[in-house]
1. What full-extension length gain, to one decimal in nm, is calculated for D383 and D88 as 0.36 nm per residue of separation minus the Cα-Cα distance?
2. So for H66, H199, H86, fewest C-beta neighbours within 10 Å to most, what's the order?
3. To two decimal places, what compactness ratio does the range 64-156 give when its Cα radius of gyration is scaled by 2.2 N^0.38 Å?
4. With each pseudo-label sitting 7 Å past Cα toward Cβ, what's the R292-R116 distance in nm, one decimal?
5. Which whole-number percentage describes the relative contact order of the range 341-415, with Cα contacts under 8 Å and a sequence gap of 6 or more?
6. Which shape class, rounded, prolate or oblate, goes with the chain when its Cα gyration tensor gives a ≥ b ≥ c as root eigenvalues, a/c under 1.5 marks rounded, and past that a/b bigger than b/c marks prolate?
7. Quick check: pseudo-label points 7 Å beyond the Cα along Cα→Cβ at S214 and S228, how many nm apart are they?
8. Give me K31, K106 sorted ascending by neighbouring Cβ count inside 10 Å, so fewest comes first.
Amino acid sequence: MADERTFVIVGASLAGAKAAETLRAEGFTGKIVLIGEETERPYERPPLSKAHLQGKEGAREKAFVHEPGWYSEHDVDLRLATRVTHLDPPAHTVTLDGVDELHYDKLLLTTGSRVRTLPVPGADLAGVRYLRTLDESDALLAHLRTAANVVIIGAGWIGLETAAAARHHGASVTVVEQADLPLQRVLGDEVGRIYADLHRAQGVDFRFGTSVASFTGADGRLSAVELSDGTSLPADLAVVGIGIQPNTELAVDGGLAVDNGIVVDPGLRTSADDVYAAGDVVNLDHPLLGRRIRVEHWANALNGGKAAGRALLGEDVVYDRVPYFFSDQYDLGMEYSGYAPPGEYDRVVFRGDPAGQDGFIAFWVKDGRVLAGMNANVWDVTDPIQALIRAGYQGRAIDLDRLADPAVPLADLLA
Ligand SMILES: Cc1cc2nc3c(=O)[nH]c(=O)nc-3n(C[C@H](O)[C@H](O)[C@H](O)COP(=O)(O)OP(=O)(O)OC[C@H]3O[C@@H](n4cnc5c(N)ncnc54)[C@H](O)[C@@H]3O)c2cc1C
């Protein structure tokens, strides 16, 4: 018998596209409607601040999740440039662009996140830019090809990767950051310092412990960034990378539980019947970490989207992946697994020399338990690192001298 059900996915990006792909791969033959307000078909965002922003040939095309024909070939009704404006869970309907009502049997919200904006005078001057979408990356790339003085606000992942791209294009680069070090909120001081050194060695100037008071310019164009400490930095391009916020408005409109993201259980179920959520927008009750967490990274969109596809089909999903992300800056590539923000670890153990040429692994440890690990220019170690983190979160302490010793295979540490 034909499956008459309609599954609607709101948010046509990585998580949504992977959910649609999983539904078809698992044999779902009902209707799939994938709705997104952007004009491009689903794409992955990491190249937007890396290969594409550096102008590497072919990087733009490689960013797309599927070939253009994939959606029709798999009978996925992809509706781009369409915003879902209303959600009515009791009626099982969503409203498109304020007009058309669409019934769903199951609904997946993958509405992701958007940039936080900087509300200071002059923020609307031409030359003040943000980076979230492919269009913004295209425009930023064009600007980087000609910019002389680039000021980046925020020394997080987006800010630092953009700084690396700007140096690649030969601009003079200053990074402004409120904290004392880059990436401090995620990595802490020990590894934050490594990133500061990396960028300084590439000619980047940091201004820590200060923020932007205003942008100034002439004829509507940016010419300087004024800092709260009184410094004026000449700039023909400013890139603001001060974090993101989850797109929860639709969930709020539908009366779903929302608290720093859409609240979901380990099965990716929201508080409304037949409504699931995945990706950046989700605040997950994480079974391994034993806390609620919102993960704003690529792997969570990829794997969460796939898991949500299975959940829509009625599978009993337990989404407990170790949080994971990666970053590439200059010739330093890294992968980070786990969760150990400052205040939650008592020491960082290095395996290998962070100042050396051969790469290293950093482990964030508490009471001998590994809570997070970052391999930098060391590859194919994610599985054993994540095994250590799983064991650590389950309460297992290990020998830290052996952890620091590159001669001891990682897999032996749990033996
Ligand atoms: C420049 C950049 C570089 C990155 N680099 C890395 C990296 O190196 N490593 C890493 O791990 N992560 C990286 N990330 C993060 C990663 O890209 C995100 O975690 C991922 O995109 C989240 O995917 P998502 O599908 O959950 O949401 P999103 O990608 O945010 O997509 C959500 C989509 O839903 C749409 N939408 C929202 N509301 C509605 C509505 N009401 N109606 C219709 N459509 C709607 C939005 O327009 C958007 O297209 C990067 C992000 C950026 C911006």
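Readers should treat all values here as calculations from the given coordinates under stated rules, not as data from a laboratory. In this text, all values refer to a predicted model and were calculated from it rather than measured experimentally. Counting neighbours? That spans all protein chains shown, and the Cβs are built from the backbone with ideal geometry, glycine included.
1. Computed gain between D383 and D88 is 102.0 nm.
2. Neighbour counts put them in this order, fewest first: H86, H66, H199.
3. Compared with the compact-globule rule of thumb, the range 64-156 sits at 1.54.
4. 1.8
5. Relative contact order for the range 341-415 comes out at 26 percent.
6. Since a/c reaches 1.5 but b/c is at least a/b, the shape of the chain is classed as oblate.
7. 1.7
8. K31, K106
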